[in-house]
Amino acid sequence: MKNFILKITQSKWNYYLSLATDCLTGIVFLILAIYYSDDVWGSVALFVVGVIFFTFLEYAVHAWLFHGKKSIEVFVEGHAHHHQNPFSYDAMPFFMSAVIASIFAWLFHFFMPLGDAFAIVGGLALGYFNYGIMHHIMHRREFASKYWRYMQEFHFVHHKKPKMNHGVTTDLWDRVFGTYYQWNKDDLKGIEKLKRIKKKN
């Protein structure tokens, strides 16, 4: 069963379908939040809070689940595949984000208005998409933005030092939890092996 799951999660078709599903889940949930909400701007604000809060979940899952000492084997092995091959197509089964989002929205609606539940969970889903697309681009493009060049180097150092620099979209939580590593020029040696950049003619 584990091998079957890994085969799916490492397939190219699942990878791109996952990105599309993650984005669509966030958008659909935002629409549902607005439809069911008595306070549209309040729901939009909660949606933004969900996007921002996902940066913490991004760190927590990466640091404690994918690189944790006491973690689930299939998660560790699946993520290790990306470290061994940075250009691999590793992603959760494409339907999982929609399923997980639906379950959490259903659970949250017992404690808050349905529109708010859709808003928060939708923000989390879009945050997950943001993480996924940024991670994809980091290994395949050069950044013009100074911040994203910094985050690209920050992430590539993680590939050399797996216990450090777990963030992809922000370094905030690494600073908070003491896993931030300030690299030097030597740490960036071989960085070109982590970028699949098409040469311009």
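The table below gives the values:
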quantity	calculated
Single residue of the stretch 140-157 satisfying the filter (open to solvent by less than 30 Å² (accessible area, probe 1.4 Å) and closer than 20 Å to Y181 by Cα) that is farthest from the chain's Cα centre (by Cα)	V157
Among (1) in a helix (DSSP H, G or I); (2) buried (at least 21 other Cβ atoms within 10 Å of the Cβ), the one test that H166 misses	(1)
Breaking point among (1) farther than 27 Å from F47 by Cα; (2) touching a residue at least 12 places away in the same chain (Cβ under 8 Å); (3) of a type outside the set (D, E, K, R), for A144	(2)
Leading residue by the ranking (modelled with the lowest pLDDT) among those in the stretch 169-201 that are under 24 Å from G127 (Cα atoms), part of a loop (DSSP other than H, G, I, E, B) and not aromatic (F, W, Y)	K195
Residue match in the stretch 42-58 (condition: modelled with pLDDT of 80 or more, of a type in the set (S, T, N, Q) and over 20 Å from V168 (Cα atoms))	yes
Search result, residues across the stretch 78-100 that are buried (at least 22 other Cβ atoms within 10 Å of the Cβ) and either outside any helix (DSSP H, G or I) or modelled with pLDDT of 95 or more (or both)	A91
Test for H139: is it in contact (Cβ under 8 Å) with a residue 60 or more places away in the chain and not basic (K, R)	no
Answer residue from the stretch 37-59, given it is open to solvent by 40 Å² or more (accessible area, probe 1.4 Å), under 19 Å from the mean Cα position of the chain (by Cα) and β-branched (V, I, T) and is farthest from A119 (Cα to Cα) among those	I52
Extreme residue, modelled with the highest pLDDT, among residues of the stretch 1-36 that are open to solvent by less than 50 Å² (accessible area, probe 1.4 Å) and over 18 Å from A98 (Cα atoms)	S11
Residues of the stretch 101-138 classified as over 30 Å from S88 (Cα atoms), assigned to a helix (DSSP H, G or I) and open to solvent by 60 Å² or more (accessible area, probe 1.4 Å), total	3
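The values are calculated or read from the model by the stated rules, or taken from the named source; none is laboratory data. Note that the coordinates shown come from a computational prediction; the quantities given were computed from them, not determined experimentally. Using ideal geometry, Cβ is built from the backbone for each residue, glycine included, and neighbour counts are taken over all protein chains shown. Ligands, DNA and RNA are stripped out before the accessible areas are found, and what is left, the full protein with its side chains, is counted by its heavy atoms. Shrake-Rupley method; radii C 1.70, N 1.55, O 1.52, S 1.80 Å.
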